[in-house]
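A short write-up of the structure that comes next.
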Ligand code: G3P
């Protein structure tokens, strides 16, 4: 499974990229607002930090205005892909961008039918929001299972399932077990994915024992 990071915080992106575990970046208007920086400045900097796709989201709600924004964003860097909301205008824009060879990430997906429509519109990625479904008392991961199964029934579908709204490490594990293509993970959850008390205890013991090896520090 590929890992994207879900943030517009360039320090966090730099940190994850340096470890070599990053395949791409997703942003959204809320994350950009949280950065406190200008949209273009943030996206251009992120695109320099990672080679993989960087999602930049449109804020227009009409197709032509979405396309104007999308073409502008796509001109900023080769690895910008366009995030579009899963509404009819967004899928119309998705179809056009797909024909123009511009990558897309269809976002705010909350049902299998929506994911099927996104695939039909030629989306590069579809982003089901599992954490927000969990928040409503649903089982967000059931949606991933359904979409993965439905897509598998149609081998001509090339749209990748990008699991979004991830809240904890178990979400990532379950997404991988279901065969999702990508998880976009917030920085705090990436940190937690590394952590295991037995790793820390084991390392501490190895280093302590190493001190007793004759000539180890020569
Ligand atoms: O980037 C979209 C998605 O990951 C948002 O997550 O935590 O705001 O539901 P969240």
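The values are calculated or read from the model by the stated rules, or taken from the named source; none is laboratory data. It should be emphasised that the depicted structure is a prediction, and the values quoted were computed from it without experimental measurement. So basically every Cβ, Gly included, is an ideal-geometry build from the backbone, and we count neighbours across all protein chains shown.
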Tell me which residues, restricted to segment 24-41, are buried (at least 17 other Cβ atoms within 10 Å of the Cβ) and more than 14 Å from the ligand (Cβ to nearest atom). 39
Conditions (1) away from the ligand (no atom under 13 Å from the Cβ); (2) more than 22 Å from residue 161 (Cβ to Cβ); (3) under 16 Å from the mean Cα position of the chain (by Cα); number of the one not met by residue 52: (2)
Selected residue [assigned to a helix (DSSP H, G or I), within 16 Å of the ligand (Cβ to nearest atom) and buried (at least 18 other Cβ atoms within 10 Å of the Cβ)] from 123, 118: 118
One residue is enough: does segment 90-97 have a residue meeting the conditions within 16 Å of the ligand (Cβ to nearest atom) and either at pLDDT below 95 or within 17 Å of the chain's Cα centre (by Cα) (or both)? no
Kindly establish whether residue 20 is within 19 Å of the chain's Cα centre (by Cα), surrounded by fewer than 22 Cβ atoms within 10 Å (Cβ to Cβ) and free of Cβ contacts under 8 Å to residues at least 24 places away in the same chain. yes
Has segment 127-141 got at least one residue that is part of a helix (DSSP H, G or I), away from the ligand (no atom under 15 Å from the Cβ), in contact with a helix residue (DSSP H, G or I) (Cβ under 8 Å, 6 or more places away or on another chain) and under 22 Å from residue 13 (Cα atoms)? no
Take the residues in segment 161-171 that are assigned to a helix (DSSP H, G or I) and touching a residue at least 24 places away in the same chain (Cβ under 8 Å); name whichever of them is farthest from the ligand (Cβ to nearest atom). 169
Of 60, 8, 65, which residue is touching a helix residue (DSSP H, G or I) at 6+ places or on another chain (Cβ under 8 Å) and within 20 Å of residue 102 (Cα to Cα)? 60
Give just the number: which of (1) surrounded by fewer than 22 Cβ atoms within 10 Å (Cβ to Cβ); (2) at pLDDT 95 or above does residue 7 not satisfy? (1)
Just checking, does segment 176-190 include any residue being in a loop (DSSP other than H, G, I, E, B), out of contact with any helix residue (DSSP H, G or I) (no Cβ under 7 Å at 6 or more places or on another chain) and on the phi > 0 side of the Ramachandran plot? no
